[in-house]
Amino acid sequence: MEALATSYKTYALDFWGFGESGKQTGSFEVVDYVEMVNQLMERLGIEQAPVIGHSMGGTVSLALVLQYPDRVQKVAVVGSPIVGDGLALFLRLAARRSLASLAYRVPGALPLGVRLFSPFLARDWKTWYKMFEQDLSRTTLESFHYSIASLRETDLRARLGDIRVPALGIYGRVDRIVDPKQGGVLAQGTPTATVRYFERSGHFPMLDESERFYQTVSEFLDGQSGPHSSGTM
């Protein structure tokens with residue numbers, strides 16, 4: 001948001017059950033978060049905007065284009081699964097409620113496991129892990145489980161051809177959360193898509209190769225491919 005602030009007014013939201021949003025209980029899925037973004041834009045009076053999403057946020061962004069095509073000027077996704085099988089094995093297992101519940105009930109098990117795995121997720125893993133600790137403390141088990149389970153069941157391939165707006169995919173070659181081959185799935189199914197692979201990045205190219213990341217996103221947003229928007233989501 002800071003990198004884009006000189007050219008765009010930017011907005012971000014916490015999905016239900018995450019971050020500083022209310023700790024509602026319930027089965028929040030990708031379709032629910034799509035509606036949440038639509039409602040946010042409606043409340044803020046944003047008729048149309050570029051939409052950017054990381055990981056699950058990117059999957060939601062693509063689903064938003066498909067559900068509300070007039071809302072989106074262009075869409076950029078970062079390390080986002082197009083098909084649920086693109087998730088790492090441990091996340092596919094986390095889609096099983098019994099295993100997710102076990103991880104949360106054993107004190108310190110999840111943070112310790114993630115800390116040990118962190119060097120494989122991002123080059124600047126210490127910075128990432130601090131963010132993870134903060135996010136974990138504000139996430140409910142229900143939100144984590146249902147969102148992962150929903151991602152596991154996601155398959156956007158059949159509808160990618162309906163996307164008409166410019167699309168950008170950014171994928172780290174050493175991503176161990178989402179298979180970087182998901183970028184190929186996006187490119188093959190979406191005629192308007194451009195995919196950029198970051199050779200030295202994992203799941204967080206904005207941390208691993210920040211300068212190139214911001215340059216790539218800025219060039220995509222600044223391209224002459226539609227009317228000027230009132231904001232960037």
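The values are calculated or read from the model by the stated rules, or taken from the named source; none is laboratory data. Here the structure is a predicted model, which means the values were calculated and not measured. No Cβ is skipped: glycine too gets one built from the backbone with ideal geometry, and neighbour counts run over all protein chains shown.
If you take the residues in the stretch 176-204 that are surrounded by fewer than 23 Cβ atoms within 10 Å (Cβ to Cβ) and of a type in the set (Val, Ile, Thr), which one is modelled with the lowest pLDDT? It comes out as Ile177. Contact list please: Cβ distance under 9 Å, first residue in the stretch 71-88 and within 16 Å of Arg196 (Cα to Cα), second residue crowded, with 22+ Cβ neighbours inside 10 Å and among the charged types (D, E, K, R), pairs at least six apart or on different chains. That search, which allows pairs on different chains as well, returns Gly79/Asp175. When every residue of the stretch 19-28 is checked against the conditions, at least one turns out to be surrounded by 15 or more Cβ atoms within 10 Å (Cβ to Cβ), hydrophobic (A, V, I, L, M, F, W, C), modelled with pLDDT under 90 and out of contact with any Lys or Arg (no Cβ under 6 Å at 6 or more places or on another chain). Residues in the stretch 187-220 that are out of contact with any Leu (no Cβ under 7 Å at 6 or more places or on another chain) and among the aliphatic types (A, V, I, L, M): Ala187, Met206, Leu207, Val217.
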